[in-house]
Amino acid sequence: MTAPIPDAAETTATTAAATTASAATAAATTATTAAATTAAPASSPTHRRGVFEVGERVQLTDPKGRLHTVTLEPGREFHTHRGFLRHDDLIGAPDGSVVTNTAQVDYLALRPLLSDYVMSMPRGAAVIYPKDSGQIVQMADIFPGATVVEAGVGSGALSMSLLRAIGEQGRLLSFERREDFAEIAKGNGRAFFGADHPAWTVTVGDLVQTLPDVVAPGSVDRVVLDMLAPWECLEAVGEALIAGGVLICYVATTTQLSRVAEEIRAQGGWTEPAAWESIVRGWHLEGLAVRPQHRMHGHTGFLITTRRLAPGVAAPTRTRRPAKGAYPDAGADTNTGADTNTDTRAEDPSGARPAADPVPGSTASMDIPDEAWTPEAVGEHPKSDKTIRRIRRSVVGTSDGS
Ligand SMILES: C[S@@+](CC[C@H](N)C(=O)[O-])C[C@H]1O[C@@H](n2cnc3c(N)ncnc32)[C@H](O)[C@@H]1O
């Protein structure tokens, strides 16, 4: 419940009393603060701290900078062509230790950061890289305690960043069409957090079909879509989102980006979409040789955001005229199915288009038939069923200790 706001006189009196009280307790507070700053923070149900424990993943860096990840088991050994390391030497050692193997090779042992973990964890589907997860958390304004819908789950990489941002008091409602991918994602999450995250629910099924059974209309703060055809879900997520809520989509190609943008405009009830990509270039730092690294991830994906308007509201008419040729001429309608094309730009001297109107003319991406949007067509390389079965076994085996 919200506390009543005191009036001005009351506030002054309260402040004066509080000042005296704080002077009297200042020494005690200082002592408490000093004690608090020296105590090591304890583990929480979703964040491990302190010494390495059985079942944890530990990242080992060898003298050449190569990374190896081990899951700690009593009595087990990590072998290389130069000797082996006993897991027992790591169990109970502090994070950030150096351990030496039987051939006197030193390894630096660290608990993986989330960004390390997602890059090395087993994958069913392609993951969203940390640089994009960071953008999503910030630009979709994912906040502690938020109710967030996510689809698809894939390998669960983005889910983990979303869970970190909403915390244990938030709710992450994730949807995934493929049962095997959902299992892999849950196993990855369990292995990282050390247990099932209390804020996470994974529903197996198509988002459009299952979302209305899981959430009430207008009850979701944020929606994140990472899938082949996010435009198919716009109506369903528009219904679920709270007024002012944010939708963010991650897509791999410009053709998908264009299709989402045009469908958002065509549907109305959304703000004008904004799109961008982020390019991160690592740097080589050695003596006087300080320069960009030679290799980089040249492309991951594009992000596009929009916000949900209040029910029945259409966005104000855009006053900026679309660039000449951005949309086909009214007379040159190539949109299959658009037999009564009403190009509002022809009537409106500003060239603006009311948000709720159908898209005037068409764009290349909207002309593409639904069946043409396949994973292979947008450049994905899906793994074979056999490989997915093996990954699923390894993840479920790793995470439940069997
Ligand atoms: C690229 S993966 C997601 C990866 C995930 N964001 C990660 O970081 O690990 C896309 C997933 O979306 C799922 N998918 C596609 N369309 C869907 C829909 N309409 N409803 C639910 N899941 C869907 C696919 O099965 C696939 O697993």
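Read-outs: derived from the displayed coordinates by stated rules, not from any lab. Bear in mind the structure is a predicted one, so any value in this text is a computation, not a measurement. With ideal geometry, Cβ positions are generated from the backbone for all residues, glycine too; neighbour counts draw on all protein chains shown.
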Around residue 246, what is the net charge, scoring Lys/Arg as +1 and Asp/Glu as -1 over all other residues with Cβ under 10 Å from its Cβ? +1
Counted neighbours (other Cβ, 10 Å), sorted fewest up, put 296, 119, 366 in the order 296, 119, 366
Listing 38, 387 from the residue with the fewest other Cβ atoms within 10 Å to the one with the most, what is the order? 38, 387
About the Cα centre of the stretch 52-112, how large is the charge dipole given +1 on each Lys and Arg Cβ and -1 on each Asp and Glu Cβ? Please answer in debye to the nearest 20. 260
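Under the classification rounded if a/c is under 1.5, otherwise prolate if a/b is larger than b/c and oblate if not, where does the stretch 138-219 fall, given a ≥ b ≥ c as square roots of the Cα gyration tensor eigenvalues?
Details: a/c = 1.72, a/b = 1.01, b/c = 1.69.
Oblate.
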What is the fewest-to-most order of 105, 202 by other Cβ atoms lying within 10 Å of their Cβ? 105, 202
Mean separation of Cα contacts under 8 Å, 6 or more apart, over the residue count of the stretch 52-112: relative contact order %: 36
Length gain on complete extension for the stretch residue 254 to residue 86, per 0.36 nm per residue less the alpha carbon to alpha carbon distance? 55.6 nm
Please give the net charge around residue 41, taking every other residue with its beta carbon less than 14 angstrom from that of residue 41, where Lys and Arg add +1 and Asp and Glu add -1. +2
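Quick check on the stretch 52-112: what does the Kirkwood estimate of hydrodynamic radius come out to from the alpha carbon pairs, in Å? Intermediate results must be reported in sequence, preceding the final value.
Values: mean 1/r = 0.0891 Å⁻¹.
Answer for the stretch 52-112: a Kirkwood hydrodynamic radius of 11.2 Å.
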Nitroxide proxy distance, nm - points 7 Å out along Cα→Cβ at residue 393 and residue 299: 3.6
Hey, rough spin-label estimate for residue 278 and residue 229, points 7 angstrom out along Cα→Cβ, what's it come to in nanometres? 3.0
Estimated distance in nm for a label pair at residue 386 and residue 77, the labels positioned 7 Å out from Cα along Cα-to-Cβ: 3.2
Violations at 27 Å Cα threshold for listed pairs 186/386; 64/383; 64/386; 64/186 -> 64/383; 64/386; 64/186
Rg followed by Dmax, in Å, when the stretch 159-285 is reduced to its Cα trace: 16.0, 53
